[in-house]
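The block underneath contains the structure these notes are about, expressed in structure tokens.
Every read-out reported here was derived from the displayed coordinates using simple, explicitly stated rules and does not represent laboratory data. The structure displayed is predicted, hence computed values, not measured ones. When we count neighbours, we look across all protein chains shown, and the Cβ atoms used for this are built from the backbone with ideal geometry, even at glycine.
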There are 2 protein chains.
Amino acid sequence: MGACDTVPPMNGAEALVRTLVQSGVEICLTNPGTSELHFVAALDRVPGMRPVLGLFEGVAAGAADGYSRMAGKPATTLLHLGPGLGNALANLHNARKARSPVVNLVGDHALSHAAYDAPLSSDVAAIAAPVSSWVRRCEDRAELAADGAEAVAAAHGPPGQVATLIVPADVAWSEGPGPAAPRPPRLPPAPDPEAVRACAAALREEPAALLLSGPALRREGLARANAAASATGAKLFCDTFNARLERGAGVPPITPLPYFPEPALEALAGLRHLVLVGTQSPVAFFAYPERPSELAPPGCVVHVLAEPGADANAALEALCDELGAGPPPPAVAEEARPARPSGKLGPRSIGASLGALLPEGAIVSDECITAAAGIFPQTRGAAPHDWLFLTGGSIGQGMPLATGAALACPDRKVVCLEGDGSGMYTLQSLWTQAREGLDVTSIVFANRSYAILAVELARLGVTEPGPRARSVLSVEDPELDWVALSRGMGVPARRASTAEEFHAALETALAEPGPQLVEAVY
Amino acid sequence: MGACDTVPPMNGAEALVRTLVQSGVEICLTNPGTSELHFVAALDRVPGMRPVLGLFEGVAAGAADGYSRMAGKPATTLLHLGPGLGNALANLHNARKARSPVVNLVGDHALSHAAYDAPLSSDVAAIAAPVSSWVRRCEDRAELAADGAEAVAAAHGPPGQVATLIVPADVAWSEGPGPAAPRPPRLPPAPDPEAVRACAAALREEPAALLLSGPALRREGLARANAAASATGAKLFCDTFNARLERGAGVPPITPLPYFPEPALEALAGLRHLVLVGTQSPVAFFAYPERPSELAPPGCVVHVLAEPGADANAALEALCDELGAGPPPPAVAEEARPARPSGKLGPRSIGASLGALLPEGAIVSDECITAAAGIFPQTRGAAPHDWLFLTGGSIGQGMPLATGAALACPDRKVVCLEGDGSGMYTLQSLWTQAREGLDVTSIVFANRSYAILAVELARLGVTEPGPRARSVLSVEDPELDWVALSRGMGVPARRASTAEEFHAALETALAEPGPQLVEAVY
């Protein structure tokens, strides 16, 4: 209560912003409206909270996710009632699947106005629920700041989650008791010695495999997982799509499970034991007629070393101790930079350029979908970097995520690998990159189609789609001009249509400090 | 059952598409994914359903709304699981508030896959509920086609509503009993003679007013409402934001209630009776400290002549009979074309150009927010046209709505009045306009700001916002280049920065048959 004695009277919005800052939240990704203007006004009275405008809420939500993945702590969004939250929903879905800590502040009509069916009225809590692990609508001005502190704690987890605090306008504009004290973060549960022993025993019974995701996919966890695998002969996989994977020359390697069920089933075929670290038992991305959903073979026993949110690194350390695997071995990816490519432009040549040119400490936001097969292997031996995946399958994540990663890590180069179809979902990100001077180089894979859908349609037996099917799977007619789109939002851009042109364009773009875009037409 | 004997075996997706076509649905606004590919494949086997691709689901949803407003019957969307529906949510909110008939088909994971927490898993029905008056998740292949027929009937209303049918992939790919018979549309309830008498008596007791919205805002309803008003001396208003308003030279006039509560309260001050036709009792758009939410003055008796969904024209006819108002009088707006403007460009000069140049039968999609005050009055005496408003307050409606209106009315010119801030929400619409060759002229009001928010902030007493508040209310730094953005999506564009330039640019754009864009910088 001491703090209340020393601060002048303030409204709920200001008390909440002060509470968030004291809880370690430093950035607010926003597109506000009338019901959030008390927060906007408070931003100029409270030091320590950086507002960043997105010209669409999908940008704000995806940037909050990207920031949180790299900063390891929550960003907040500030969104305008149900529709503003609705616009953020797809990237909040991705953030939820990434287990990223994100705090949403969503304005709502004043409590006194809620009974009337005004045009912007909607059930904000109902819209929030499917993407949020924690939802609260504050109806008591005395509780607003404390609710904010609790939202931050909820977002931290562990594991990280999406926490949504809905603030009616009159709760924000009314005077309340001032800021609330931050909530201490919860500690992850310690490893369960019995689970450690059981997992060690399972790994010794070949054929076995480890499957990792979450915070174990950093250098330390990867080293221990590699040690456990090499001590037992177990295979080592990570999920197909992960929030953040450290990789490159000098980093202990790991293999993502393939996307399609057939090669994924093949990768896991014959396993007797599967040990999970920070993830769930593996399932196919989509169901297909006559195909199983579960990827572990029938009869394979699935063991949990660490649930998502447990201390995976401590669990892996305990596992190595149990296995007598000693200190992590020096099994690391070797430096291997592809030769400068020439000739036809395509995912393979782009992968070669990227493998050769990726700077040390780069952060890659990967939403190039079908092109990834040509890119990912060729960057295995590149300078060490972080790889951020499309975690929830909802396209339109790549550019916002890159934006947020650049906000979190201003000293690192961010490279965004973006499909032309996916990129169009949240292209407004480029404007935020220009405004904030973010060090992001975007590569747009202009294959003029939702290429993954042509593959999926062929899997249904439709190898020669008719004109109507073709029309909804292609993004040609008219062709998108990404150079014009990018420049229209203030980001310098160039086009490449041969491997040589692309290599030179990427080299030039990476050498510049601010946002750049290269359209790769193939 | 007869139909089942004569059609070859077909999967649920095809049976559903055939059912929709037989129910009168002709257009499918879509951005499909893997779980919807069985529908995509069916489009080539079923004649009569035109697929139109949007490069973002907000475009598809807003276009479905615009189509439905003009065609008076449902369009269908086809959306990809929870995130695809999430991207459509804001414009579905607007469609719900417009009482537009819209059918959403949303794919979902196969029932067999639902138990696994795959990356794209989400609670689709929960996401649909806040924007849908009818939601069904079909879990029985035998019911899919019948559910489709019911969805169309539900969307028709009256009043029109958003109906969402969720289709698990295995329900779509399994063989079922074939198409279902269309459901006959429900008829609107006939006028209640007692309510008619009560409203007539109320209108005779001055001061009184009529407040209209919905289908009464067409020439026929407006004529009767004007007759009733002039027979009684009652004032005549429509809602601030309406799905569709017929107006212009020769059309009986009506005055929308002002947006801000103070002038709206003034317009209704002193009323003893307010008669509602197809709308609700008027409320402020937002609540403000010390301001009432209800706009009708205390003590004013509110009467309902026709609920939304009732036969408003029949009710107005009965009202005129009761009042002895005779045949509708010739009270119509006079032709009045503003003079060609010159000098400084701004909403007033743009309004003058528009009033002078708007072609007969034009459809105006209005999302120019603060600029409307300069535009709307000056088009009162223009050639007769339809005006489509932002019904739910969720920005990003204008361009998609224009797209859908042009799909519904290929022989009419569509003019889209678009704020630069609002336009960035769903700018992908321009690509669909280019692909489909739609006759839409977009005017972008490039004032480089969310101007309405500066007004609202001033209403809070913040007349000189600090740098952080300013940064989130402006869309400058960098400036958007709408000409580049438009051309990047295949729509010819030009920029104007004086009244003369704008007038010439608009004249040229309107003379062209396909999509055009004019960026008005002021």
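Which one of A:HIS93, A:PRO207, A:VAL302 is farthest out on the positive end of the charge dipole of chain A, using unit charges on Cβ (Lys, Arg +1; Asp, Glu -1) and the Cα centre as origin? Result: A:PRO207, furthest along the dipole toward the positive end. Counting only GluC sites (Glu not before Pro) that sit in a DSSP loop (anything but H, G, I, E, B) with at most 11 other Cβ atoms within 10 Å, what is the longest stretch of chain B containing none of them? That would be B:1-289.
Could you tell me the center-to-center distance, by alpha carbons, between segment A:90-128 and segment A:271-299 in angstrom? Centre-to-centre distance over Cα atoms comes out at 34 Å.
For each pair in B:LYS73/B:LYS413; A:LYS73/A:LYS97; A:LYS97/A:LYS344; B:LYS73/B:LYS97, compute the distance between the two Cα atoms and list the pairs where it is over 26 Å. The pairs that break the limit, which is 26 Å between Cα atoms, are A:LYS97/A:LYS344. The order of B:PHE389, A:PHE376, A:PHE237, going from fewest to most other C-beta atoms within 10 Å of their C-beta, is A:PHE376, A:PHE237, B:PHE389. Here the Kirkwood formula, the inverse mean of 1/r across different C-alpha pairs, assigns segment B:193-323 a hydrodynamic radius of 14.5 Å.
Rounded to two decimals, the Cα-based Rg/Rh of segment A:128-267, with Kirkwood Rh, is 1.15. When the Cα gyration tensor is reduced to axis lengths a ≥ b ≥ c, the ratio a/c is 1.5 or higher for segment A:473-522, and with a/b not above b/c it is classed as oblate. Expressed in units of 2.2 N^0.38 Å, where N is the residue count, the Cα radius of gyration of the protein assembly as shown is 0.95. For the peptide A:421-429, the mean number of other protein chain Cβ atoms found within 10 angstrom of a residue's Cβ is 4.
In plain terms, the residue of B:ASP239, B:ASP123 with the fewest other Cβ atoms within 10 Å comes first and the most crowded comes last, giving B:ASP123, B:ASP239. For the pair segment B:154-207 and segment A:429-446, the centres of their Cα atoms are 46 angstrom apart.
Of the trypsin sites (Lys or Arg not before Pro) found in segment A:176-277, not one falls in a DSSP loop while having at most 11 other beta-carbon atoms within 10 Å. By the combined test of axial Cα extent (at least 30 Å) and Kyte-Doolittle hydropathy (mean at least 0.5), none of the DSSP H helices of chain B qualifies. Per the helix-only calculation at 222 nm, which mean residue ellipticity applies to chain B, given -39500 (n - 2.57) for every DSSP H run of n ≥ 4 and division by its residues, nearest 500 deg cm²/dmol? Here the helix-only value at 222 nm equals -11000 deg cm²/dmol.
Across peptide B:29-40, the mean count of Cβ atoms from other chains lying within 10 Å of each residue's own Cβ comes to 6.
Residue order for A:HIS156, B:HIS38, fewest other beta carbons within 10 angstrom first, comes to A:HIS156, B:HIS38.
Here the scattering of segment B:347-467 is modelled by Debye summation over its C-alpha atoms, one equal scatterer each and no solvent; at q = 0.17, 0.19, 0.20, 0.21 Å⁻¹ the log10 of I(q)/I(0) is -0.83, -1.00, -1.09, -1.17.
For segment B:375-504, a simple Cβ point-charge model (Lys and Arg +1, Asp and Glu -1, everything else neutral) yields a dipole of about 120 debye relative to the Cα centre. What would the Debye formula give as log10 I(q)/I(0) at q = 0.05, 0.11 Å⁻¹ for the alpha-carbon point model of chain A, no solvent? Rounded to two decimals, the profile gives -0.21, -0.99.
Here the Kirkwood formula, the inverse mean of 1/r across different C-alpha pairs, assigns segment A:2-173 a hydrodynamic radius of 15.5 Å.
Centre-to-centre separation between the Cα atoms of segment B:300-371 and those of segment B:393-422: 18 Å. Mean partner shielding of peptide B:350-358, defined as the number of other chain Cβ atoms within 10 Å of each residue Cβ, is 0.
Extent along the principal axes, Cα only, for segment B:1-85: 40, 31, 19 Å, with the longest axis given first.
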